[in-house]
Amino acid sequence: MIRLGIDLGGTKTEIIALGAGGEVALRRRVPTPRAYDGLIRALGELVQGAETDLGGRGTLGMAIPGTESFGTNLIKNANTTYLNGRPLRRDLEEILARPVRLANDANCFALSEASDGAAAGAATVFGVIAGTGVGGGVVIDGKVLGGAHGIGGEWGHIPLPAPSIEEVTTAPLCYCGKRGCLEVWCCGPGLAADFKRATGRIATAEQIAASDGTEERAAMDRLIDRFARAMATLVNILDPDMIVMGGGLSNVDRLYRDLPPLVEKYGFNLGGPPRIVKNMHGDSSGVRGAAWLWSETKP
Ligand SMILES: [Zn+2]
């Protein structure tokens, strides 16, 4: 059994073939075409080329930077904007003569880590991506929880819970049109903006996270407290067996020490800290999760 996965990125598109045990049988990268028709053609060639080299047909899953609308099956919310309003799955199924499964990249991240990554074996997994923005995905018993509108796990656009007066008055506007989403607080640019508001100084998230300075540490404390309030809200609803972190901020070791007790403090009588771990597959999680979208073929 060959499982093919494709990660459709803004600049690069990657294909991977996973063998029965999750081992990588093939991996290729091509530049992402700049127009829709070229993309469909390129994806067809990528799959056919991989299958020629592998000597067999595979299932195909794809991680997309957006969501497939339920009902119409047209792509929405994609930052590769030429995808929006397009019937991507139908067009791929036509050219490749097989069913294709699509999921957004945060869901693929969660599925990858739940299938054979840091949360392998856990029944309910919440995958958090905290990098240039905030994303999330829920996997239950090896299946992505898409939801009625395809936005299951999209916790980036819930408002920061239990905000202080200062957080209410300084809450930045989010690109989604609302104010004070997690997306503007709990990500790299959010950390840098918070640091600048508090100190007047300019630094990147990496510089702040790596520094021993008092002001930098205070900014990290605020970030972690905000994360903990947000995670406590989702723990109260979902109570996941594991929370897996991805994205640039997942490299901050302090998160794994400081977050669990704070989430326990803000949660409803959890009786112990939640398990919050770093991802195992890093940048490959999107493409691996796409392949695992055909999870019933799992060994
Ligand atoms: Zn928002």
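The values are calculated or read from the model by the stated rules, or taken from the named source; none is laboratory data. Here the structure is a predicted model, which means the values were calculated and not measured. Heads up, the Cβs are rebuilt from the backbone with ideal geometry, glycines too, and the neighbour counts pull from every protein chain shown.
One table, with the values for the structure above:
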| read-out | value |
| --- | --- |
| Those residues of segment 22-38 which are exposed (fewer than 13 other Cβ atoms within 10 Å of the Cβ) and in contact with a Lys or Arg (Cβ under 7 Å, 6 or more places away or on another chain), in sequence order | Pro31 |
| Lone unmet requirement of (1) more than 30 Å from Ala291 (Cβ to Cβ); (2) away from the ligand (no atom under 16 Å from the Cβ); (3) touching a helix residue (DSSP H, G or I) at 6+ places or on another chain (Cβ under 8 Å) for Ile165 | (3) |
| Residue check for Met220: under 25 Å from Gly117 (Cα atoms), buried (at least 17 other Cβ atoms within 10 Å of the Cβ) and at pLDDT 95 or above | no |
| Set Gly200, Gly152, Gly156, Gly213: member being more than 16 Å from the ligand (Cβ to nearest atom), touching a strand residue (DSSP E or B) at 6+ places or on another chain (Cβ under 6 Å) and free of Cβ contacts under 8 Å to residues at least 60 places away in the same chain | Gly152 |
| Any chance Leu234 is outside any loop (DSSP other than H, G, I, E, B), under 17 Å from His157 (Cα atoms) and not hydroxyl-bearing (Ser, Thr, Tyr) | yes |
| Counted residues, segment 39-64 - those being crowded, with 21+ Cβ neighbours inside 10 Å and closer than 30 Å to Tyr175 by Cα | 5 |
| Evaluation of Asp141 against (1) out of contact with any Leu (no Cβ under 9 Å at 6 or more places or on another chain); (2) touching a residue at least 24 places away in the same chain (Cβ under 8 Å) (one fails), failing number | (2) |
| Residues being part of a loop (DSSP other than H, G, I, E, B), of a type outside the set (Gly, Ala, Ser) and closer than 22 Å to Leu18 by Cβ - total across segment 120-144 | 1 |
| Qualifying residue in segment 111-119 (condition: more than 14 Å from the chain's Cα centre (by Cα), assigned to a helix (DSSP H, G or I) and not polar (S, T, N, Q)) | yes |
| Matching residues, segment 203-231, being among the small types (Gly, Ala, Ser) and under 23 Å from Glu154 (Cα atoms) | Ala205, Ala228, Ala230 |
| Residue match in segment 290-298 (condition: buried (at least 24 other Cβ atoms within 10 Å of the Cβ), assigned to a helix (DSSP H, G or I) and within 19 Å of the chain's Cα centre (by Cα)) | yes |
| Options Cys186, Cys181, Cys176: the member that is loosely packed, with under 14 Cβ neighbours inside 10 Å, within 16 Å of the ligand (Cβ to nearest atom) and under 22 Å from the mean Cα position of the chain (by Cα) | Cys176 |
